[in-house]
1. Which one of the conditions (1) over 20 Å from R213 (Cβ atoms); (2) more than 19 Å from the chain's Cα centre (by Cα) does L146 fail to meet, given that it meets all the rest?
2. Looking only at region 148-189, how many residues end up being under 18 Å from E113 (Cα atoms) and surrounded by fewer than 14 Cβ atoms within 10 Å (Cβ to Cβ)?
3. Provide a single number: the residues in region 101-128 that are in a loop (DSSP other than H, G, I, E, B) and either within 21 Å of A179 (Cβ to Cβ) or acidic (D, E) (or both).
4. Which numbered condition trips up R196, out of (1) surrounded by 11 or more Cβ atoms within 10 Å (Cβ to Cβ); (2) under 20 Å from M124 (Cα atoms); (3) in contact (Cβ under 8 Å) with a residue 24 or more places away in the chain?
5. In this structure, does V187 turn out to be out of contact with any strand residue (DSSP E or B) (no Cβ under 6 Å at 6 or more places or on another chain), β-branched (V, I, T) and closer than 25 Å to L75 by Cα?
6. Any idea which of A133, A137 is touching a Leu at 6+ places or on another chain (Cβ under 6 Å) and within 30 Å of A41 (Cα to Cα)?
7. Across region 105-143, which residue is nearest to L75 (Cα to Cα) among those that are more than 18 Å from the chain's Cα centre (by Cα) and buried (at least 16 other Cβ atoms within 10 Å of the Cβ)?
Amino acid sequence: MRPAHSKADDIAAALSAHGLVPRGGFAFTSSDAPPTGLSGAPAKSVLLVGQAGAAPWPHFLRWLEKQSQPIADPLDAWSREVIGTVAERFAARAVSPSDRPYLPFQQWAMRAEGLKPSPLGILMHPQYGLWHAYRGALLFEDEIALQEPRDVIHLCDTCLEKPCLKSCPVEAYSADGFAHETCLAHVRGQNGAPCRTGGCLDRNGCPYGTDYRYPAEVQA
């Protein structure tokens, strides 16, 4: 149990101004090899930051319109800027899933929110389905009060039809994994327009979390 009002609540309020939300966290233990915090000392706790649905999209577009020059990977750049500003306010080190060397974001996410991968590899959330993302994390050199991860039902275990594995015209997802070259060739080819404009057909085939499904322009 965390107190009625905490540092995590203040961080959540700061993130909400950009359509982002805290995505759970935990304190590192003696068996972990934590990354360094702001000063270079080992971090003691991590709070993941991400989105539920497409809430950040309007904020991102307004930011993008203000940029005077084209930016490579603009969504990553926006995420770094926003989460970095919040990190400065709360004396944390901001890190990104695309930072190198790569940090174990998916393992952190499973540990923080009790999630498991779907057949597509995206973590299945009991409320958001496949329509969520992790945009970064805040590393603290002290332990901050965080809610304990709760037990969640893994919806993929109860889904018998698995439409997420039956919608792709080139069967890019299978028990053997993701055939990314096959996927790219199809998406870039003459028959790939539905995927290019409306998003992954397998992902859209999932029946869960549809209220949070990204609009077509976001998926494109």
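Values in this text are rule-based calculations from the coordinates and carry no lab data. What you see is a predicted model; the values in this text were computed from it and never measured. Cβ coordinates were reconstructed from backbone atoms using ideal geometry, including for glycine residues, and neighbour counts include every protein chain displayed.
1. Going through the list (1) over 20 Å from R213 (Cβ atoms); (2) more than 19 Å from the chain's Cα centre (by Cα), L146 breaks only (2).
2. Matching residues across region 148-189 total 5.
3. So the count comes out to 5.
4. Going through (1) surrounded by 11 or more Cβ atoms within 10 Å (Cβ to Cβ); (2) under 20 Å from M124 (Cα atoms); (3) in contact (Cβ under 8 Å) with a residue 24 or more places away in the chain one by one, R196 breaks only (2).
5. Here the answer is yes, as V187 does meet what is asked.
6. The match here is A137.
7. Restricting to residues being more than 18 Å from the chain's Cα centre (by Cα) and buried (at least 16 other Cβ atoms within 10 Å of the Cβ), the top hit is F140.
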